[in-house]
1. Filter the stretch 268-297 down to residues that are farther than 26 Å from Gly60 by Cα and of a type in the set (A, V, I, L, M, F, W, C) and give me whichever is most open to solvent (accessible area, probe 1.4 Å).
2. Would you check if there is a residue in the stretch 83-106 being farther than 22 Å from Ile196 by Cα, open to solvent by 20 Å² or more (accessible area, probe 1.4 Å) and not in a helix (DSSP H, G or I)?
3. Given the conditions (1) in a loop (DSSP other than H, G, I, E, B); (2) among the hydrophobic types (A, V, I, L, M, F, W, C); (3) in contact (Cβ under 8 Å) with a residue 24 or more places away in the chain; (4) open to solvent by 30 Å² or more (accessible area, probe 1.4 Å), report the number of the one that Leu215 does not fulfil.
4. Please state which of the following conditions Pro252 fails to meet, knowing it meets all the rest: (1) more than 20 Å from Leu56 (Cβ to Cβ); (2) open to solvent by 30 Å² or more (accessible area, probe 1.4 Å); (3) touching a residue at least 12 places away in the same chain (Cβ under 8 Å).
5. May I ask you to verify whether Arg24 is open to solvent by 60 Å² or more (accessible area, probe 1.4 Å) and in a helix (DSSP H, G or I)?
6. Hey, among Ser265, Ser247, which residue is open to solvent by 20 Å² or more (accessible area, probe 1.4 Å), in contact with a strand residue (DSSP E or B) (Cβ under 9 Å, 6 or more places away or on another chain) and farther than 17 Å from Ile57 by Cβ?
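The values are calculated or read from the model by the stated rules, or taken from the named source; none is laboratory data. Please read all numbers here as calculations on a predicted model, not as lab measurements. Every residue, glycine among them, receives a Cβ derived from its backbone with ideal geometry; neighbour counts consider all protein chains shown. When the accessible area is computed, the model is the full protein with side chains, heavy atoms only, and any ligands, DNA or RNA have been set aside. Shrake-Rupley method; radii C 1.70, N 1.55, O 1.52, S 1.80 Å.
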Amino acid sequence: MPAVSRQPSTCAAAPASSLALRRRLWITLAALTAVGHITMVSLTQESPTRALMALLIWGGALICLEDQLPELAPAPSAFSLGLGSLLLAVGLQRTAAVLHLDSAVVLLPIWLGTGLALLCWPLRRLLRWGPSLLVLALLPLSEQLARVLPEQPLSHLTARLCQALLLLGGVDAAAAGRQVTLSGGSVLIADTCAGIDVIAQLLVIAVVFVLAFPLPLRRSRWLLLAIAPLVALLGNAFRIALLALISASQLPNKDWWFGFFHEESGSLMFSGLSVAVFGWIYLAVLERQLQARERRI
């Protein structure tokens with residue numbers, strides 16, 4: 001009898017061990033693929049914005065998949081295994097050959113993500129990866145959005161917002177078109193200073209929030225998606241106001257500070273501020289709606 005009782009447990013342990021191994025291998029492959037793409041972007045692209053966006057979309061895809069990871073059971077069909085392997089192999093080979101301004105930078109995440117999905121499940125179950133794949137598709141969509149956003153009206157609006165912030169802070173400032181003028185210096189708002197990149201980033205984050213932490217009220221989801229660009233504009237206006245103050249100051253090293261907050265990592269601080277503000281708003285609304293639903297129940 002003892003020998004009979006041990007036999008079923010041994011047979012049951014083998015599939016569980018195999019499943020755990022397949023899960024670990026798939027998660028490791030997915031992590032290496034994401035890290036490889038993010039590293040490639042940071043090494044080949046001059047703008048730190050693209051590397052940040054790559055980090056955001058891969059992180060967002062992981063957040064959308066997080067609930068499924070503990071019970072993930074990779075079991076691809078022969079067809080999806082072959083197709084997924086082909087997509088991943090071609091995508092990784094293309095990753096190694098990316099050059100500056102290469103369009104593959106923004107197209108590779110959805111290509112690689114589809115390959116990873118097919119390596120996990122059959123093609124018929126691909127829709128279960130919908131939220132994660134949608135997030136990965138946001139990188140090329142955000143690039144197109146940045147190209148179609150009207151730069152001139154955004155620059156003028158940013159100048160007005162910057163002037164209002166300075167006046168609220170007790171600093172005499174004037175705005176005319178793209179230019180914000182203080183006594184002692186001025187700044188001219190153009191191109192990326194209009195906040196186009198920040199708007200694209202925050203919209204990506206807003207979509208990740210909506211997919212990963214959906215609000216009970218659907219109309220609130222659209223409302224917060226609409227609020228995201230406004231938060232981005234305001235955060236960028238704070239940055240321009242700081243640049244105007246630096247330009248008008250008598251700091252001995254003001255050129256270094258201006259460059260730091262204009263083009264270097266200091267500019268990302270204000271992107272982070274915008275993200276933090278939007279995240280606080282979203283989570284506050286989510287908590288309030290969940291509490292209201294619990295009271296109704």
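1. From the stretch 268-297, those farther than 26 Å from Gly60 by Cα are 292-297; that's our starting set.
Now restrict to residues that are of a type in the set (A, V, I, L, M, F, W, C): 292, 297.
On the way: Ala292: 27, Ile297: 164 Å².
Top of the filtered list is Ile297.
2. Yes, the conditions are met somewhere in the stretch 83-106.
3. (4)
4. (3)
5. yes
6. Ser247
Every residue, every condition in (1) β-branched (Val, Ile, Thr); (2) within 21 Å of the chain's Cα centre (by Cα), yes or no:
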| position | (1), (2) |
| --- | --- |
| Phe213 | no, yes |
| Arg221 | no, yes |
| Ala226 | no, yes |
| Leu230 | no, yes |
| Leu233 | no, yes |
| Pro252 | no, no |
| Trp257 | no, no |
| Met269 | no, yes |
| Val275 | yes, yes |
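The rows are residues; the columns are (1) closer than 26 Å to Leu224 by Cα; (2) over 21 Å from the mean Cα position of the chain (by Cα); (3) free of Cβ contacts under 8 Å to residues at least 12 places away in the same chain.
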| site | (1), (2), (3) |
| --- | --- |
| Ser155 | yes, yes, no |
| Arg160 | yes, yes, no |
| Asp172 | no, yes, yes |
| Val198 | yes, no, no |
| Ile205 | yes, no, no |
